[in-house]
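Quick notes on the structure that follows.
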Amino acid sequence: MKGCIRIAAALAAVLGVGCAPQGAITKADAGPPLMRIGLLADTQLTSPKATSNYLFRSQIADLAVNVAVRTSAQEVLAGEHLGCLAEDLLATQPDVLLYLGDGANSGCDDEIEPFFAQLERIRTQAGKPVFFVVGNHDYLATGNQAAASMRTKACAGGGYVTKAELIARTAAFNRASWQRFASRDARFVRYADSLDHVNATDGAGCKAGEALQQEQACYYAAVIEWNAGGHPTQLVLADTSDYTDVVRQPRIDGVDIAEFAGARGSMGWEAGGQNAWIEKALGPSPARTRVIASHYPTADLSWTRYYSGRPGDLMLSDGHNLWLSGHTHDPDPDSYVMPGSFEDTGPGEEVMYDEINVGSTTDHRAHAALVALHPGRATKQPVLAMDAEAASACEARIDGVQLGSGYASPYHRNGSTRHRLGLTKHYRRTGYDAAIARKNIETFLAEPGQAADREQWVRCLMHAGAKAEASKWPGWML
């Protein structure tokens with residue numbers, strides 16, 4: 001199928017059609033849902049050795065995107081905070097958890113391993129399957145650089161995972177989720193992933209040199225089937241950081257689209273690519289519902305008029321399609337279910353779908369989401385790390401802290417409590433020493449008064465740091 005994505009969310013929001021507020025209950029929702037799916041995304045653990053003295057982790061880069069560098073509190077506490085938010089999500093009793101990519105910031109060994117260790121702790125605590133979807137930051141340096149030199153810089157000279165190594169790690173984690181939990185649940189009936197297929201690909205796939213893996217059919221995809229209440233459903237885990245076919249597209253203004261790996265998502269759709277593997281793995285099925293989970297939202301699977309992915313290939317032409325995505329760092333936990341369509345270039349065929357996007361576990365208004373899947377419909381319930389009342393109490397709590405003389409200032413012109421605990425945007429200033437702020441945070445949390453209430457302090461410091469990072473600083477202040 002050839003075509004293009006047409007997102008109708010904005011029009012639907014204006015007209016008030018097809019886009020009920022999250023959590024709204026209609027007659028169609030009567031009875032328990034077919035499945036309750038917990039969503040987490042975009043923790044972006046950052047190497048403690050990460051530097052900010054090169055192009056993609058610099059003041060200029062942060063001015064452009066505001067996420068190139070973050071407050072010290074966010075970078076120190078991201079992994080622990082993920083555990084706090086996952087605990088909140090588990091309280092909503094999901095049947096399965098999906099992590100929708102960007103667990104790491106640059107695919108460094110000291111990002112990936114702590115991230116998967118935390119994900120394994122969450123899985124053990126949940127006693128339920130947790131599946132991971134590959135994101136661009138999980139192996140590309142700062143999410144957009146494939147060159148070994150850039151990956152090395154992003155990891156401050158330390159080790160990093162190649163795409164092939166990330167796929168092997170992901171497959172091991174997801175297969176364990178299937179074997180330990182899903183295979184024992186009668187609702188889950190089948191699991192298949194692409195690891196063996198891509199490793200067997202002659203001359204390409206994950207056998208290719210590491211610099212080419214993101215564009216040589218080295219991808220991780222999986223198909224999981226479940227049957228709840230007599231309603232067969234298929235779940236696709238898609239790798240939207242698969243740039244195999246982007247390199248075959250025409251040049252735009254003399255620039256290869258392939259050079260923009262990470263700026264948009266992509267899935268290989270030509271013969272032998274990811275879409276073909278997924279379609280084969282789906283096979284003939286009585287499923288009337290298909291759920292597709294990816295890091296990038298469908299709006300990012302295009303590049304001007306050229307394809308960088310063909311999501312319509314993976315959707316049911318007759319049935320309910322639901323797309324789950326992360327990547328956006330959406331600060332609005334209450335964002336609605338978004339309707340969309342894939343329009344074929346053939347004789348008027350149009351495939352409809354709903355999309356639910358979840359924001360980051362580390363940004364301002366950090367949140368997860370619970371998706372309740374009903375026949376033909378899905379609803380979204382946000383799960384906030386900190387509600388308005390808790391946030392207000394947090395701010396007052398920080399204002400009441402008096403730090404002793406043992407806490408140095410990471411930037412000489414400011415010695416406030418918030419500044420010394422890495423809760424301000426002074427990380428953008430030349431001469432800011434993040435190592436001092438990191439040490440202060442660790443020392444503060446180890447003090448008896450804070451250690452006894454560590455979880456609430458972690459939530460509070462993350463909230464304050466994320467709020468500061470989200471603030472707008474004019475360039476002249478740097």
Practice task
Answer yes or no: is there a residue in the range 379-391 that is assigned to a helix (DSSP H, G or I) and without any contact (Cβ under 8 Å) to a residue 12 or more places away in the chain.
Solution key: yes
Practice task
Output yes when any residue across the range 351-368 is within 20 Å of the chain's Cα centre (by Cα), charged (D, E, K, R) and in a loop (DSSP other than H, G, I, E, B), and no when none is.
Solution key: yes
Practice task
Could you please let me know if Gly431 is of a type outside the set (A, V, I, L, M, F, W, C) and part of a loop (DSSP other than H, G, I, E, B)?
Solution key: yes
Completion exercise
Inside the range 274-321, the number of residues satisfying the requirement of being crowded, with 20+ Cβ neighbours inside 10 Å, within 25 Å of Gly103 (Cβ to Cβ) and either at pLDDT below 90 or under 17 Å from the mean Cα position of the chain (by Cα) (or both) is 13
Completion exercise
Glu455: passes all of (1) under 26 Å from Val358 (Cα atoms); (2) surrounded by 19 or more Cβ atoms within 10 Å (Cβ to Cβ) but (2)
Exercise for the section: Using the structure shown, decide if Ile441 is touching a Gly at 6+ places or on another chain (Cβ under 8 Å) and either assigned to a helix (DSSP H, G or I) or among the hydrophobic types (A, V, I, L, M, F, W, C) (or both). Expected result: yes
Exercise for the section: Could you tell me whether the range 352-359 includes any residue that is modelled with pLDDT under 95, closer than 21 Å to Ser471 by Cα and touching a Ser or Thr at 6+ places or on another chain (Cβ under 6 Å)? Expected result: no
Exercise for the section: Check whether at least one residue in the range 400-422 is within 33 Å of the chain's Cα centre (by Cα), under 22 Å from Gly79 (Cβ atoms), β-branched (Val, Ile, Thr) and not in a strand (DSSP E or B), and report yes or no. Expected result: no
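Kindly indicate the residue of the range 396-422 that is in contact (Cβ under 8 Å) with a residue 60 or more places away in the chain and either among the aliphatic types (A, V, I, L, M) or exposed (fewer than 14 other Cβ atoms within 10 Å of the Cβ) (or both) and also nearest to Gly449 (Cα to Cα) among those meeting that condition.
Restricting attention to the range 396-422, the residues satisfying the condition of being in contact (Cβ under 8 Å) with a residue 60 or more places away in the chain are 397-398, 410, 421-422.
In the following step, the residues that additionally are either among the aliphatic types (A, V, I, L, M) or exposed (fewer than 14 other Cβ atoms within 10 Å of the Cβ) (or both) were identified as 398, 421.
On the way: Ile398: 13, Leu421: 16 Å.
It comes out as Ile398.
Would you confirm whether or not the range 52-74 contains a residue that is hydroxyl-bearing (Ser, Thr, Tyr), part of a helix (DSSP H, G or I) and modelled with pLDDT of 90 or more?
So the first thing to find is which residues in the range 52-74 are hydroxyl-bearing (Ser, Thr, Tyr), and the list is 52, 54, 58, 71-72.
Next, only the ones that are part of a helix (DSSP H, G or I) stay: 72.
Filter once more, so that each one left must be modelled with pLDDT of 90 or more: 72.
For the range 52-74, residues hydroxyl-bearing (Ser, Thr, Tyr), part of a helix (DSSP H, G or I) and modelled with pLDDT of 90 or more: present.
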Handout entry: Which listed residue is of a type outside the set (S, T, N, Q) and either outside the structural domain of Trp226 (by TED's automatic domain parsing) or without any contact (Cβ under 8 Å) to a residue 24 or more places away in the chain (or both), from Ala172, Ala168, Ala192, Ala182
Key = Ala172
Exercise for the section: Give just the number: which of (1) out of contact with any His (no Cβ under 8 Å at 6 or more places or on another chain); (2) without any contact (Cβ under 8 Å) to a residue 60 or more places away in the chain does Lys425 not satisfy? Expected result: (2)
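Can you find a residue that is in contact with a helix residue (DSSP H, G or I) (Cβ under 6 Å, 6 or more places away or on another chain) and either outside the structural domain of His374 (by TED's automatic domain parsing) or within 27 Å of Glu80 (Cβ to Cβ) (or both) anywhere in the range 202-212? Show your work before the answer.
Residues of the range 202-212 that are in contact with a helix residue (DSSP H, G or I) (Cβ under 6 Å, 6 or more places away or on another chain), as a first pass: 205-206.
Filter once more, so that each one left must be either outside the structural domain of His374 (by TED's automatic domain parsing) or within 27 Å of Glu80 (Cβ to Cβ) (or both): none.
No: zero hits.
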Practice task
Test Thr124 against the stated conditions and say whether it is assigned by TED's automatic domain parsing to the domain that holds Ala200, at pLDDT 95 or above and hydroxyl-bearing (Ser, Thr, Tyr).
Solution key: yes
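Looking at the range 58-81, is at least one residue within 18 Å of Leu166 (Cβ to Cβ) and in the same structural domain as Ala192 (by TED's automatic domain parsing)? Lay out the reasoning, then the answer.
Of the range 58-81, the ones within 18 Å of Leu166 (Cβ to Cβ) are 79.
Then keep just the ones that are in the same structural domain as Ala192 (by TED's automatic domain parsing); that gives 79.
Within the range 58-81 (the criterion being within 18 Å of Leu166 (Cβ to Cβ) and in the same structural domain as Ala192 (by TED's automatic domain parsing)), the answer is yes, since at least one residue qualifies.
The values are calculated or read from the model by the stated rules, or taken from the named source; none is laboratory data. What you see is a predicted model, and the numbers here were worked out from it, not measured in a lab. Methodologically, a virtual Cβ is constructed for each residue, glycine included, from the backbone with ideal geometry; neighbour enumeration extends over all protein chains shown.
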